[in-house]
Each structure stands twice: as C-alpha cells, then as structure tokens.
1. Hey, does the stretch 244-256 have a residue that's open to solvent by less than 20 Å² (accessible area, probe 1.4 Å), under 30 Å from GLY175 (Cβ atoms) and more than 31 Å from the chain's Cα centre (by Cα)?
2. State whether one or more residues within the stretch 252-270 are within 19 Å of MET99 (Cβ to Cβ), modelled with pLDDT of 95 or more and of a type in the set (A, V, I, L, M, F, W, C).
3. Taking the options THR140, THR150, THR121, THR197, name whichever one is hydroxyl-bearing (Ser, Thr, Tyr) and open to solvent by 80 Å² or more (accessible area, probe 1.4 Å).
4. Filter the stretch 330-342 down to residues that are surrounded by 15 or more Cβ atoms within 10 Å (Cβ to Cβ) and under 20 Å from the mean Cα position of the chain (by Cα), then give me how many there are.
5. Please indicate, with yes or no, whether at least one residue in the stretch 96-113 is under 16 Å from GLU123 (Cα atoms) and either among the small types (Gly, Ala, Ser) or open to solvent by 30 Å² or more (accessible area, probe 1.4 Å) (or both).
6. Restricting the search to the stretch 102-153, which residues are within 22 Å of GLY88 (Cβ to Cβ) and among the β-branched types (Val, Ile, Thr)?
7. Across the stretch 314-329, which residue is farthest from PRO281 (Cα to Cα) among those that are surrounded by fewer than 24 Cβ atoms within 10 Å (Cβ to Cβ) and small (Gly, Ala, Ser)?
8. May I ask you to list the residues in the stretch 305-331 that are of a type in the set (Asp, Glu) and either without any contact (Cβ under 8 Å) to a residue 60 or more places away in the chain or within 14 Å of ILE60 (Cα to Cα) (or both)?
Amino acid sequence: MIELLKKLIEIKSDSKSGANEALLFCAAWLEEHGQEVTVHENNGYLMLTAVKGQGNETLIWNGHVDVVPGNASQFAPVEKMGRLYGRGSADMKAGVAAMMMAFVELEAAALSRTVQLHIVTDEEIGGHNTSEWLVDQGFTGDFVICGEPTNLKIGLQSKGVLHMDLIFKGKPAHGSRPWEGQNAIESAMKFHNQLGTLPFQQEATPYYAHPSVNLAIIGAGDRYNVVPDRCRMSYDIRFLPGQDPNDIIQQMDGLAKKLEIDMEYKADPSTPALTTKPSHPYIESLQQAIRKAGHADPVLFGQHGAADTRYYAATMGGEGAIEFGPAGADWHGDGEYVIISSLFDYKAILSIQALS
C-alpha cells in the first residue's frame, strides 16, 4: 500500500491531464489485482467506478487523485520517521491508496451489502465534472465516505456555502469637496462593521461555535480626486446546519435598509449544509469499527469547508455522506505529509465496517 501511494505521489496530477494519468494508473492497478473497473469520461475528466458485493444497501468509498499545484520536489515522495511527505500524500492520495487496497482485499462473498469505489479527478476545483456527474448518473448509495484527511476523526457534518456579491452605491463628487458626494467605500465599511450584529452570526450548534464569514473581494475607486460612487464587496459565508441561507440573505438586505445604505446584491447559496446525526446507523457502525481496530472512542466533528460529500448528500436529504480519512498535516502546504501507520488503521476500519 505504501509503494502504491508513493507511485501515486510521483504522478504530477495538478492539471487535468495529470489527474487523468493518475486515474488511469489506478484503473490499471485495480485490474492487475483482479478487479473489474469502469472508466467514465465527462468534459475531458476521467473517473472510475468498481463494484463488489451484494445486498440491498450500498456503501460508497470516494477518493480524488487530483492535487493542488506544488513545487517539483513535492512529487518525489520522502519517507521519514513514520511519515510520508509529498504533494497529495494527505490530500488525498493516502485515502485513495487505502481504499484501493481495502477494496481489493474484500471478499465479495462475505459482503452483505454492495461496496462501490469511486475515484475522481476534479475535487480540488469543485467536483462538478466527476463526483457530481457520477451522482447525476445514479451512482448513489446509503452511506458515503470521502477519504479526506481527518486524522481518523469522523467529519459527519459540514457548513453550507453562500456567496454574496454586494454593490454599494454612492454619489460622485470632487475629491476636494467630499461632503458634496456620498462615498460608496464608506458605506461599505459601515455595513461591514455592523455585519457581526446580525442574528445568524450569533447562532451555534454542538459542532460549531459560529458560522464563517469571509470578506473575500473588495473593489472601488480609481482616482484620488473623485469620491467613489460604487464599491463592490463579495462575501464567502459558511452557514451552519439548520440555518436557512435565504434568511441570511434577508438579514443582509435588511441591514442595508436599516443603515439607509443604497445596496444591490446577488446571492448564490450553492452548497447546502450537511446534517448527518450521530445516531445515523452507519455513523454508529463506523464508530464500532474504529473501536474494533483498537482505537479509543471516536471523535465526531463538523467540517468548516465543503467536499464532494455535498453531491451525494443532496440525494439523501443532507445526510449520510461524511469525510473520514487518515492522519497527516499541512495539506496544500509545502510540508504536506501523512502518518504511515494511520493508513493501515484506516484500511482496517474501512474493511471492518464494510463487513459488519
């Protein structure tokens, strides 16, 4: 499994062609180990599915082989003091390698459910061409594990995503007589300074202390001697499970009205929050598998970001798709690594749950 991971890291899969190369490598490896594999294509992106077992329930293991760009040295894996360093070692070629090995080792006759392996190539740029496409084609199940690095903790929920573009309007005037105009930048600042008072920002859940609000883009003005009459601000809002993004939009709009600020907005609630509960049967069986693998009581937590889980969960009422993967650190960073022992633990846990 470690040699498989090293070979995957060596494939520079930070582009479409590179990710496709890694995908074809995975397909060939699985076939060499006796598995039937189907390679799919959508908009030039490749992905694969493999199926094993029988029964009325379907368990899906999803992994991606595309990575964010890295320097050349990161595509030469280095093993040191129980860690394997390299681009994608944690995010998430380690999870892919463990899933592939666990899938090969599963005895089909021993399974009372179907296990599907999905390997995709565009998660880092949104997953629309592969995981979302697979779901649209009917590749769904009763429970989905995306093998993102979670340090063997169970990321059973995640925040939703709301993007808002706000245009603040003012009145132009000569820069030497600003009182004759209305400065759109000052209006935007006034709005932003009051944003933390909105009700949705005061809410919390057992897994989240608060939503996430990031002022991501701002632009206004082009001359010293003109009062700017337009200011654009764009927010990346990650809302909590149970919050309604339309209510957040109305609160944002209401704040502008309360402050008597002329503002237009465009809102895109692109990703719902994932709401899997601790009592979900597959969460309970996964916790049992973690204990059987020799670990202490599993840790449940909520992810702040989004993964390909969102596409599967959309078919299951927001539940049943989670992030769960090996241990490591500094993914997307220069020192990315995975803890080698966690791969063996992870593979064992996947197999125990699949056979439970």
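The values are calculated or read from the model by the stated rules, or taken from the named source; none is laboratory data. Keep in mind that this is a model prediction, so the values were computed, not measured. Cβ coordinates were reconstructed from backbone atoms using ideal geometry, including for glycine residues, and neighbour counts include every protein chain displayed. Heavy atoms of the whole protein, side chains included, go into the accessibility calculation; ligands, DNA and RNA do not. Shrake-Rupley method; radii C 1.70, N 1.55, O 1.52, S 1.80 Å.
1. yes
2. No.
3. THR197
4. Residues flagged as surrounded by 15 or more Cβ atoms within 10 Å (Cβ to Cβ) and under 20 Å from the mean Cα position of the chain (by Cα) within the stretch 330-342 amount to 4.
5. There is no residue in the stretch 96-113 that is under 16 Å from GLU123 (Cα atoms) and either among the small types (Gly, Ala, Ser) or open to solvent by 30 Å² or more (accessible area, probe 1.4 Å) (or both).
6. Answer for the stretch 102-153, where residues must be within 22 Å of GLY88 (Cβ to Cβ) and among the β-branched types (Val, Ile, Thr): VAL104, ILE119, VAL120, THR121, ILE125, THR130, VAL144, ILE145, THR150.
7. For the stretch 314-329, the residue satisfying everything is ALA329.
8. Scanning the stretch 305-331 gives ASP308, GLU319, GLU323.
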